[in-house]
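Scroll down for the structure; my scribbles are underneath it.
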Amino acid sequence: MNKAKNKKLRFALVGCGQIANKHMAALRSLADVEIAGVYDINPQALKSFAGQYQIPTYTDMDRLMIQADPDVLDILTPSGTHAQNILELVRYNRHFVVEKPLALRLDQVDAILEQCDQRGIKIFVVKQNRFNPPVQALKKAVDENRFGKMVLGTVRVRWCRRQEYYSQKPWRGTWAYDGGVLTNQASHHIDMLIWMMGEVESVIAKTTTRLVDIEAEDTGVVILKFKNGAMGVIEATTATRPKDLEGSISVLGENGSVEIGGFFMNELKTWNFNQAHAMDKNIWDRYSKVPPDVAWNHMEFFKDVINSLMTGKRGLIDGFEGRKTIELLNAIYESSSTGKEVFLRSMTGACRLGQKYDQ
C-alpha cells in the first residue's frame, strides 16, 4: 500500500501497557498520522489508558478493524506474545509496527516474514536508538570507512532492575514470554553492535542470575567474532546497584575510536580519528546529544515508517533487520546452554527463549 500523500496514516495500538504512552506521544506529534483506536484484552487498563487520550477503545479486534479501519497495527503486547499476535492479525492485511523484539525465536520470525511477504505487508521493528544523533554520526563514519580495518566493538548495559520490577508483570524474566537482560534491556544495544560492526560469525556466551528471582539471566557476557575479522563484547546486567550506570557502545578501528555513552547511547563521549573530516567541525554541536523533546527518537522512527509507507521505499528497520538481532540472541542462548562456541551458520536451535521453563 502506497498511501496518497494528502491522506493521513491511521494507526491502531494493540496493547496499552507502559510503552504505549511513549508511542502515543510520538504519534500525536506527527501531522501525517491519525490514531484510530486502541485494543487491549483488559477492559480496566483500556479504559484508564484511553481516558488520558480520548481515543476509541476496543476489546474486539474484528470490531476495531471494521470501525477504526487502521492502516497500521502497532503491536505493544508482552515480548513473548508478539509472534502469536502478528500471525493472528496478518489476515487483516494491515502493516505492522512491532516493539522489540520482533519475536523470541528465529523460527517465529521466519514465519512472520513469510506471511507478510506473501501478502505484501510491511513490518517495522522499533529500534528508535538508531536515530540518536551520536549514533547517526557514528554510522556515517562507519559507512565512509573512516575506521579502516575494524578492531573491536563493545556494548555495555549496566542498569538496575530490582525484584519489584519483575514482580509487577508475571511475564517479565520468563523464558516463555521475555527472556533476560540480553533479550529485553540489551536488545537495542545488540542491534546497534550488529549495525556498526557487520555480520556475526560466532559467539561464546556466559550468563547467570545474581540478584533477582527470575527464570532467565540478569547478567550476561558475550564474546563475538565478526565476519570481517573484528571482535566484539557484549556486557549486560540489570544487577547494577544502587542505580543505573550506563548504556554505551564503543567502536575501535585502525584509524579511529568512538564512544557513545549515556543511558541509552544518547551522549557522545569520544570522537577521535587520524584524518580530519568536514563533519568533525560541528560534531559536538550537532551530534553530541539527543534533543530533550519527549519521545524524540520514537518520533524519528515513526517518520521513517511513514516515509516508507507513503513512498514504497524500504524502512530503516524492517523485519529483516529485526531478524538479525533475534538470530544473534538465539545463538547467544545456545552458547550459554551448551558452553560451546556457536557459529550462526550452523545453529542447532538449542535456545530456551520462547519455551516453557521445564522444556
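Quote the Stokes-Einstein diffusion coefficient, in whole µm² s⁻¹, for the range 215-311, based on the Kirkwood radius over alpha carbon pairs, a temperature of 10 °C and a viscosity of 1.306 mPa s. Approximately 95 µm²/s, per Stokes-Einstein. The residue among L87, P56, T207 whose Cα reaches farthest toward the positive pole of the charge dipole of the chain, with charges on the beta-carbon of Lys, Arg, Asp and Glu, is P56. Taken over the alpha carbons of the range 171-273 as equal point scatterers, the Debye sum produces base-10 log I(q)/I(0) values at 0.15, 0.16, 0.24 Å⁻¹ of -0.68, -0.77, -1.35. Counting lysine pairs in the range 201-343 that sit 8 or more residues apart in sequence, or on different chains, and whose Cα atoms lie under 25 Å apart gives 19.
For the range 252-324, GluC sites (Glu not before Pro) are listed when DSSP marks them as loop and at most 14 other Cβ atoms sit within 10 Å of their Cβ; the list is E254. The calculated FRET efficiency for the pair S337 and N21, based on their C-beta separation and a Förster distance of 25 Å, comes to about 0.10.
Would you list, by chain and number, the aspartates and glutamates whose Cα falls below 16 Å from the Cα of K149, excluding same-chain residues fewer than 8 positions away? K149 reaches E199, E254.
Which of rounded, prolate, oblate describes the range 85-239, given a ≥ b ≥ c as roots of the alpha-carbon gyration tensor eigenvalues and a/c under 1.5 marking rounded, otherwise prolate only if a/b is larger than b/c? It is oblate, given that a/c is not under 1.5 and a/b is not larger than b/c. Over the range 28-99, the hull volume per residue, using the convex hull of the C-alpha atoms, is 100 Å³. Would you please name the trypsin sites (Lys or Arg not before Pro) within the range 121-218 that are DSSP coil residues with at most 15 other C-beta atoms within 10 Å of their C-beta? Listed in order of number, the matching sites are K149, R162, R210.
Packing around the peptides 232-241, 29-38, taken as the average count of other Cβ atoms within 10 Å per residue, puts them in this order, highest first: 232-241, 29-38. With helices as the sole contributors, the chain gives -10000 deg cm²/dmol at 222 nm; each DSSP H run of n ≥ 4 counts as -39500 (n - 2.57), and the sum is divided by every residue. Net length available on complete extension from Q163 to E235 is 23.9 nm, with 0.36 nm assigned per residue and the Cα-Cα distance removed. Evaluated over the Cα positions of the range 138-195, the convex hull gives a direction-averaged projected area, one quarter of its surface, of 5.2 nm². The three principal axes of the C-alpha atoms in the range 254-359 carry coordinate ranges of 54, 41, 26 Å, sorted with the longest axis first. Here the range 271-318 is treated as a sphere whose radius is the Kirkwood value from Cα pairs; by Stokes-Einstein at 25 °C and 0.890 mPa s it diffuses with a coefficient of 184 µm²/s. Classification of the range 203-259 by its C-alpha gyration tensor yields an oblate form. The axis ratio a/c (a ≥ b ≥ c) is 1.5 or more, and b/c is at least a/b.
Evaluated at q = 0.08, 0.12, 0.13 Å⁻¹, a Debye calculation over the C-alpha positions of the chain (equal weights, vacuum) places log10 I(q)/I(0) at -0.39, -0.92, -1.08.
Across the chain, C-alpha contacts under 8 Å between residues 6 or more apart give a mean separation that, scaled by the residue count, equals a relative contact order of 20 percent. Per residue, the average separation of C-alpha pairs within less than 8 Å and at least 6 apart gives the range 209-309 a relative contact order of 13 percent.
Expressed per residue, the C-alpha convex hull volume of the range 1-160 stands at 176 Å³.
Placing pseudo-labels 7 Å out from each Cα toward the beta carbon at N307 and N255 gives an inter-label distance of 2.6 nm.
Each value in this text was obtained by applying a stated rule to the coordinates, not by laboratory testing. Keep in mind the model is a prediction, meaning the values are calculated, not measured. Neighbour counts run over all protein chains shown; Cβ positions are idealised from the backbone, glycine included.
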